[in-house]
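Q: Dumping the structure here so I can ask a few things about it.
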Amino acid sequence: MAQQAVALLHNLGYSNVRDYRGGLADWVDSGGPLESATGEASASDLATPIGPALAVSQDGLAGRGPARISRGRRGNDAIPGFVERLSTFQLFVIWIGAVLLSGFGYWLGALVGEHGLVEGGVPVGASLRGLGSALYFSFVTATSVGYGDIVPVGFARVIAVVEAVAALVVFGAVVAKLISHRQDELVHEIHRVTFDERLDRVQSNLHVVITELLSLTAICEGSTMPSQRLAARLDSAVLLFQGELRTTHDLLYQPRLLVEEGALASILANLSSALEVLAELLACLPVDFSRSQPMEIALGNLIRLAGDICGNCVPHDYTPRLVFWMDRIQVTSRRIR
Amino acid sequence: MQSELDTPTIVSDVPEISREEFRRRLNDASLTILDVLPAESYAAGHIPRALSLPLHSIASNAPELLPDRSVEIIVYCGKFT
C-alpha cells in the first residue's frame, strides 16, 4: 500500500519519496510515540514502549473471553510529573522522612540554645527525652493538629512553618494518588464493559443483516413481493450493514487496540458472509430496479470500507485465521456492484 | 485500494527509510511524513507530525497539500505490503 503511494507520488512529480516499510505496526511495536486526532501525544518519550506493553495479548482463548482495551492512559494534570512517577508508598515515606528530619531540626535547635522548643515555659533540652518531645512536636505540626503544649521559638519557628506547608502538600499528593488510582481502575472498567457491549451489538446486528439479506434473496428469486417494499427493506439492511462495517473497520485500524481473537473472528466471518449474500442479492435484482440515493451512498461506503480491510494493511499482526477473513472481505467487496 | 490481492505487485526499487533514521529525524522539519492509511486510522493514532493523505486521495489532494515537489517525503501505511 505504501509502495503504491510512493509510485503515485512519483508519477505526480515528487522526486524525493521514501517508504517506511515497517509502517504503523513496526512503529507501535518498537515503542514509537503516537498522536491521536486531538493532538495529544500518548507517550512522552521514545524509551517507553507503548506497543507491546499495552497491547492485549492474544492468549488463544477462543470464544467469549474478555476483550481488553489498551490505551496509553497516563498523566493526571492535577499531579505534576515527578509526583506522578512516585508510588503512593514512596510519597508516604517522603512525608515520614520530612517529619523525622524536622524533628531532628528542632532537637538540634536546643543545642544552640534559644532556637529550639519550649514546653510550659521550660526549654526542651538536647537530651533523649528532648528528642522524643521534638519528634512529637514535629508530628503535631505536620498533621496541622497543633495542640500548643510545646511551642517553637527562634529559628525553630521557621522550620515549623516550612514543615507545616510541605507536609500538607505531600500528604495531599498521597491522598490524590490513592483516589486517582481508584478512578483509573473505574474508567478502565467502564471502557471494557462498553467495548464488550459494542462488540456484542456488532455481532447481533450482523446476524440480523445476514438473515434479512437471505430472506430478501429468497423473495427476489421468487419475486412475490412488490419491489417497493423489497427496496425499503434492502435500504434498511444495507444501512445497518454499513454502520457495523464502519465500526469494525475503525476497530481494525486502531493502532493500539487489539480485539480478542475469538470475537473478532466471528465478526469478520459474519461480515464476509454478509458481503457475499449482498453480492448475490444485488445480482438477482431486476435490471429496472431503481436504487435510492441513500442506498447508493451506503453501497459506495460499504465497498470502500470493505476494500480497506485486508490482513496486510491493518496496523497489527493477526493470526492467519483472521488474516484469511480480512482478505476474504476485501476480495468479496469487489463482487458488489 | 485497487491492488489485486491475487497478484501482488512487489516494487523492489522503492527507496526506504530505516526505523532508526526515522526516529532520529522525527523532529526534523525538512522531513514531510505522510500517513496514507484511511482517515479513521489517522484519527485513532498516527506518527507525530504526520499529515493525513489516504491512498485513494493522493492524486487529487497531494498537489494542494505539498506544493513543493522536491521536498523530502516519508510514506507509511499499516505495515509492509
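Bear in mind that the values in this text are calculations on the coordinates, not laboratory data. A quick note: this is a predicted structure, and the numbers were derived from the prediction, not measured. A quick note on method: Cβ atoms are made from the backbone with ideal geometry, for glycine too, and the neighbour counts reach across all protein chains shown.
Q: Picking from A:110, A:237, A:25, which is most flexible by a Gaussian network model of chain A using Cα springs under 10 Å?
A: Result: A:110 has the largest fluctuation of those listed.
Q: If you take each beta carbon of peptide A:23-31 and count the beta carbons of other chains within 10 angstrom, what is the mean?
A: So the per-residue partner count for this stretch is 6.
Q: Can you give the mean number of other chain Cβ atoms that lie within 10 Å of the Cβ atoms in peptide B:13-21?
A: The per-residue average across the peptide is 5.
Q: A further question follows. Among the trypsin sites (Lys or Arg not before Pro) within region B:37-81, which fall in a DSSP loop and have no more than 10 other Cβ atoms within 10 Å of their own Cβ?
A: For trypsin sites (Lys or Arg not before Pro) across region B:37-81 that sit outside H, G, I, E and B with at most 10 neighbouring Cβ atoms in 10 Å, the list is empty.
Q: Would you list the P(r) distribution for region A:81-177, with all Cα-Cα distances sorted into 5 Å bins from 0 and each bin expressed as a whole %?
A: Percent of Cα pairs in each bin: 3, 15, 25, 22, 14, 9, 7, 4, 1, 0.
Q: Tell me the label-point distance for the pair residue B:28, residue A:145, using the 7 Å Cα-to-Cβ offset, in nm and rounded to one decimal.
A: Reported label-point gap for residue B:28 and residue A:145 is 6.3 nm.
Q: Rg and Dmax of region B:19-76 over Cα atoms: what are they, in angstrom?
A: That works out to 11.5, 32 Å for Rg and Dmax.
Q: In debye, nearest 20: dipole of region A:91-219 around its Cα centre with unit charges on the Cβ of K, R (+) and D, E (-)?
A: With Lys and Arg at +1 and Asp and Glu at -1, about 260 debye.
Q: Further, regarding this structure: Please compute the contact order of chain A in relative form: average sequence separation of alpha-carbon pairs under 8 Å and at least six residues apart, divided by the residue count, as a percent.
A: For chain A, the relative contact order is 18 percent.
Q: Here is a follow-up. Tell me which residues come under 5 Å, amide H to amide H, from residue B:33 once H is placed; ignore anything under 5 positions away on its chain.
A: Under 5 Å from the amide H of residue B:33: B:51, B:74.
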